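Asks: This structure is in structure tokens; I'll ask about it shortly.
The values are calculated or read from the model by the stated rules, or taken from the named source; none is laboratory data. Note that the structure is predicted; figures quoted are calculated from it, not measured. Here the Cβ positions follow ideal geometry from the backbone for every residue, glycine too, while neighbour counts run over all protein chains shown.
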């Protein structure tokens, strides 16, 4: 039985509590029991190809989706750097959902520190993505709520702006120069 004269603080110290919470949100620590490890128990790579809109800031406005599709998309991979800040980049995402995922929700994760949007192969805007600061996070696009089977190749496109959701401030350059 606890001593009735001793009381624990109602408020925990943020300097110790936040790092403890982050251990269970972070994808690199405690992966078998953390939140991301439980939500995303299995993953598969996608095939990525890239095309940069020429002309710098604002040039994206003069390109239609049909014109974008006619460009030469070059192979790229996770970890590549794109920029400079305020430029627009298109990615062709090709994938197959494995048979063993039948009945499961399938998500595409886009974690670039930028704002982006997902487009269908027919040019329909599907969803916005944001992977800036923690309160602005929306890195997932739900491909299907319940995979019905069949591993046929699929494709969609991601348009990415090399800036955060609300811009790029001083010292917030997102590109390698």
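Asks: Among (1) surrounded by 10 or more Cβ atoms within 10 Å (Cβ to Cβ); (2) at pLDDT below 75, there is one condition residue 32 misses while meeting the rest; what is its number?
Replies: Exception for residue 32: condition (1).
Asks: Right, something else. Mind checking which residues of the range 91-105 are within 14 Å of residue 156 (Cβ to Cβ) and over 14 Å from the mean Cα position of the chain (by Cα)? Walk me through it before giving the result.
Replies: So in the range 91-105, the residues within 14 Å of residue 156 (Cβ to Cβ) come out as 91-97.
Matches in the range 91-105: 92, 94, 95, 96, 97.
Asks: Residue under question is residue 80, and the condition is that it be more than 18 Å from the chain's Cα centre (by Cα) and surrounded by fewer than 14 Cβ atoms within 10 Å (Cβ to Cβ); does it hold? Talk me through it step by step, then tell me what you get.
Replies: Working: more than 18 Å from the chain's Cα centre (by Cα): no; surrounded by fewer than 14 Cβ atoms within 10 Å (Cβ to Cβ): yes.
Spelling it out, it is not the case that residue 80 is more than 18 Å from the chain's Cα centre (by Cα) and surrounded by fewer than 14 Cβ atoms within 10 Å (Cβ to Cβ).
Asks: So, in the range 52-89, exactly how many residues are part of a loop (DSSP other than H, G, I, E, B) and out of contact with any strand residue (DSSP E or B) (no Cβ under 8 Å at 6 or more places or on another chain)? Steps first, please.
Replies: In the first step, residues of the range 52-89 are kept if they are part of a loop (DSSP other than H, G, I, E, B); the result is 53-58, 63-64, 70-73, 77-87.
Then drop every residue that is not out of contact with any strand residue (DSSP E or B) (no Cβ under 8 Å at 6 or more places or on another chain), which leaves 54-58, 63-64, 70, 79, 81, 83-85.
Number of matching residues: 13.
Asks: Just checking, how many residues over the range 139-150 are surrounded by fewer than 14 Cβ atoms within 10 Å (Cβ to Cβ) and either under 12 Å from residue 98 (Cβ atoms) or not assigned by TED's automatic domain parsing to the domain that holds residue 96 (or both)? Reasoning before the result, please.
Replies: Going residue by residue through the range 139-150, those that are surrounded by fewer than 14 Cβ atoms within 10 Å (Cβ to Cβ) are 142, 144-146, 148-150.
Of the ones still in play, those that are also either under 12 Å from residue 98 (Cβ atoms) or not assigned by TED's automatic domain parsing to the domain that holds residue 96 (or both) are 149-150.
Adding up the residues that qualify gives 2.
Asks: Another question about this same structure. Among the listed residues 4, 54, which satisfies the condition of being at pLDDT below 90, under 24 Å from residue 125 (Cβ atoms) and surrounded by fewer than 14 Cβ atoms within 10 Å (Cβ to Cβ)?
Replies: Details: 4 fails: under 24 Å from residue 125 (Cβ atoms).
Being at pLDDT below 90, under 24 Å from residue 125 (Cβ atoms) and surrounded by fewer than 14 Cβ atoms within 10 Å (Cβ to Cβ) holds for just one of 4, 54, which is 54.
Asks: Return the only residue of 70, 61 being over 26 Å from residue 142 (Cα atoms), in the same structural domain as residue 124 (by TED's automatic domain parsing), at pLDDT 90 or above and surrounded by fewer than 16 Cβ atoms within 10 Å (Cβ to Cβ). Spell out the reasoning first.
Replies: Details: 61 fails: at pLDDT 90 or above.
It is 70.
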